[in-house]
Amino acid sequence: MVLRVVSEQSEAEIRKQRVHDQLSRDLRRFAANFLRLTSGSGKALELLPQLEKLSASIKAYADAHDGALPSQKTVHQILDSRAALIEYRPWIKDVDGASRRRWEADGTYARNDAVAGIIKAGLRMVASELVDQLTQHSTAESEFYEQIRRLEDVREKNRRRNNPKK
């Protein structure tokens, strides 16, 4: 008796998924090292080999997709840190209803959103400084302080809730 595995996917679809996965790994590693370098750490000597590997991944992606480069949406999805976290740790999105309601009520979600906003605005500020884009820096700085105000509001609400006498 001979067993044969039959796939629902064509060889081309499997190849597209493999090159997408490789592009995701290489782009995330390059971006992570680059971000660390801009913050004063990272591995500068690994930047060029990572860039070469990323370039090869982009070429392989284009070859598998009839010459089409990854779309801007695809790149944004790959570099979405929250999506990456859920991809690496899928169990964190499986939150029961009671926990979800408690985190909404106690401000955990609002706090996390504000912190994420602070980080993103900070990244945009650094990026605009690297290429001397004053308008983009001003916009990002305004967003940075708005997110800090949101975080302070969440903290104040928690203080009032946890210590109502003051």
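The values are calculated or read from the model by the stated rules, or taken from the named source; none is laboratory data. Quick caveat: nothing in here was measured; it's all calculated off a predicted structure. Methodologically, a virtual Cβ is constructed for each residue, glycine included, from the backbone with ideal geometry; neighbour enumeration extends over all protein chains shown. Note: areas computed on protein heavy atoms with side chains; ligands, DNA, RNA excluded. Shrake-Rupley method; radii C 1.70, N 1.55, O 1.52, S 1.80 Å.
Using helices alone, I'd like the mean residue ellipticity at 222 nm for the chain: each DSSP H run of four-plus residues gives -39500 (n - 2.57), total over residue count, nearest 500.
Numbers: 7 runs with 126 residues, N = 166.
Taken over the chain, the calculation gives -25500 deg cm²/dmol.
Sticking with the crude label model, points 7 Å out along Cα→Cβ, report the distance from Glu11 to Ala84 in nm, one decimal please.
With each label placed 7 Å out from Cα toward Cβ, I get 3.3 nm.
Using a 1.4 Å probe over the heavy atoms of the protein chains, calculate the carbon and sulfur portion of the accessible area of the stretch 12-64 as a whole percent. Each step should come with its number before you reach the end.
Numbers: 2000 of 3400 Å².
Result for the stretch 12-64: 59 percent of the exposed heavy-atom area is carbon or sulfur.
For the stretch 1-93, what value does the Rg/Rh ratio take when both radii are computed over Cα atoms and Rh is the Kirkwood radius, given to two decimals? Intermediate results must be reported in sequence, preceding the final value.
Numbers: Rg = 16.3 Å, Rh = 15.1 Å.
Computed over Cα atoms, the ratio is 1.08.
Heavy-atom accessible area per residue, the stretch 87-156, 1.4 Å probe: how many Å²? If you can, show how the numbers build up before the last one.
Values: 5140 Å² over 70 residues.
Here the residues of the stretch 87-156 average 73 Å² of exposed surface.
Quick check on packing: order 33-45, 14-26 by the mean number of other C-beta atoms within 10 Å, highest mean leading.
Details: 33-45: 12.2, 14-26: 16.2.
Packing order, densest peptide first, comes out as 14-26, 33-45.
Please give the direction-averaged projected area of the C-alpha convex hull for the chain, in square nanometres with one decimal. Mind showing how you got there, number by number?
Details: hull surface 65.9 nm².
Seen from a random direction, the Cα hull of the chain projects 16.5 nm² on average.
Identify the GluC sites (Glu not before Pro) of the stretch 1-91 meeting these criteria: DSSP loop state and at most 16 other C-beta atoms within 10 Å of the C-beta. Write out the running numbers ahead of the final one.
Numbers: sites: Glu8, Glu11, Glu13, Glu46, Glu52, Glu87; in loops: Glu8.
For GluC sites (Glu not before Pro) across the stretch 1-91 that sit outside H, G, I, E and B with at most 16 neighbouring Cβ atoms in 10 Å, the list reads Glu8.
Quick one: Kirkwood hydrodynamic radius for the stretch 84-166, alpha-carbon pairs, angstrom, one decimal? Can you show the working numbers first?
Values: mean 1/r = 0.0674 Å⁻¹.
Kirkwood radius, the stretch 84-166: 14.8 Å.
With a Förster radius of 25 Å, plug the Cβ-Cβ distance of Arg101 and Arg160 into 1/(1 + (r/R0)^6) and report the FRET value to the nearest 0.05.
Working: r = 20 Å, r/R0 = 0.78.
Result of the calculation: an efficiency of 0.80.
Round to a whole angstrom and tell me the spacing of the C-alpha centers of the stretch 75-92 and the stretch 9-50.
14
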